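Bear in mind that the values in this text are calculations on the coordinates, not laboratory data. In this text, all values refer to a predicted model and were calculated from it rather than measured experimentally. Here the Cβ is made from the backbone with ideal geometry for all residues, glycine too, and neighbour counts use every protein chain on show.
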Amino acid sequence: MTRTIKLSDGKAIPALQWGNGTGGLNGKHDPAVEYGITALKAGVKAIDTAEMYKTEIATGDALKQAGIKKDDIWVTSKGLSATPEALKANVQDRLQKLGFKPDLLLIHNPFVPETGKIAKFWTLLEDLVLDGTLEGASLGVSNFRPQDLEEVLSVARIKPVANQLEYHPYVLEHLQPVLDIQEKHGIVTEAYGPLTPLLRHKTGGPIKPILERIAQRLSKETGKNVDAASVLLLWTVNKGVVAVTTSTKLPNIEKIVQIEDLPDLSKEEIKEIEDAGRKVHFRHYDEHMTKDFPNPNLPEDLQME
Ligand SMILES: NC(=O)c1ccc[n+]([C@@H]2O[C@H](COP(=O)([O-])OP(=O)(O)OC[C@H]3O[C@@H](n4cnc5c(N)ncnc54)[C@H](OP(=O)(O)O)[C@@H]3O)[C@@H](O)[C@H]2O)c1
């Protein structure tokens, strides 16, 4: 079974995605092909790439070499053109590097369009869907703050279907204004850095013991090796959020794929993780979301009793 999430344009996006923008793959063709093949053969159903990662050609190569048809895999890419004038050429470059139309094309961050030109940029991107250049591709954004979303929504003929952000329990308080706009307009959240609480926070913080307890329960009940990272990814997709994770290690890639068949968390477990996460603020990727969108006044960790 592939877990999917419905987008506002009617498409079903795979809820678990494998990215080739981190973990030593970013900017490197050969490992992105090698691990892309490993991920696809293990059963990954979606690849997240970007112009910035220089792994779009590797994404197409991995598909070909794995012998998997493009139609069976969801591919998201992200573009970078700064000026409205350069946008069309930039989109053509994405199509040429991938070798196919992406299922979803994102504006990589709100600083990609020239200052004050996000709305104009969006209109021109929509034009490329309407004139057939990007027909069939969904359009979305990434790292968009409330003010960026409002600007696009004020002109949108085609609403962005998704906003890809650093998302996990320790940024929920900060993201709430973004999440409120997205709920109102049916914009799906895509979580990058979803494993940040476990991998990058110095203690793992208040959710770690909860994730470990649930991992033990699920391992016992399913007979599978379910770790805390799997529980955090399962929490993400149970929140209705697309989890964009990655791994270059086959056992971890297999755990990502295994989440497709795990039972959902209970409502109480989902809430327990969320409530504990909202008590702290910890972000790993700082470069886009915090400018003119201040962090909440929360500690990075709780005092251990
Ligand atoms: N839009 C944006 O601006 C933006 C920014 C950042 C990232 N992204 C996208 O999101 C993707 C993922 O980002 P991320 O690396 O920050 O995601 P993440 O899910 O927080 O971290 C991925 C790391 O988790 C490790 N991992 C995976 N499964 C594990 C497990 N079961 N136990 C322990 N460790 C495990 C992997 O290391 P091993 O290889 O050791 O398993 C991998 O390096 C990127 O590749 C990119 O496509 C987008």
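Restricting to segment 91-108, give me the number of residues that are more than 14 Å from Val129 (Cα to Cα), surrounded by fewer than 20 Cβ atoms within 10 Å (Cβ to Cβ) and not hydrophobic (A, V, I, L, M, F, W, C). Number of matching residues: 4.
Out of everything in segment 14-47 that is within 18 Å of Asp93 (Cβ to Cβ) and touching a residue at least 40 places away in the same chain (Cβ under 8 Å), what residue ends up being nearest to the ligand (Cβ to nearest atom)? Per the criteria, the residue is Gly21. Checking Arg283 against (1) surrounded by 13 or more Cβ atoms within 10 Å (Cβ to Cβ); (2) away from the ligand (no atom under 14 Å from the Cβ); (3) of a type in the set (Lys, Arg), which single condition isn't satisfied? Just one mismatch for Arg283, condition (2).
Reported count of residues in segment 206-225, each being within 29 Å of Val188 (Cα to Cα), over 22 Å from the mean Cα position of the chain (by Cα) and not charged (D, E, K, R), is 6.
Every listed requirement among (1) more than 15 Å from the ligand (Cβ to nearest atom); (2) of a type outside the set (Val, Ile, Thr); (3) over 16 Å from Arg3 (Cβ atoms) is met by Gly240 save one, (3). Of all residues in segment 190-217, those that are more than 12 Å from the ligand (Cβ to nearest atom), closer than 21 Å to Leu262 by Cβ and either in contact with a strand residue (DSSP E or B) (Cβ under 6 Å, 6 or more places away or on another chain) or part of a loop (DSSP other than H, G, I, E, B) (or both) total 1. Among the conditions (1) away from the ligand (no atom under 12 Å from the Cβ); (2) under 19 Å from the mean Cα position of the chain (by Cα); (3) surrounded by 15 or more Cβ atoms within 10 Å (Cβ to Cβ), Val257 misses just one, which is (1).
So that you can scan it fast, the table gives a plain yes or no per residue for (1) buried (at least 21 other Cβ atoms within 10 Å of the Cβ); (2) closer than 19 Å to Phe111 by Cα; (3) in contact with a strand residue (DSSP E or B) (Cβ under 8 Å, 6 or more places away or on another chain):
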site	(1), (2), (3)
Pro146	no, yes, no
Leu149	yes, yes, yes
Ala156	no, yes, no
Pro160	yes, yes, yes
Asn163	yes, yes, yes
His168	yes, no, yes
Glu173	no, no, no
Leu179	no, no, yes
Lys184	no, no, no
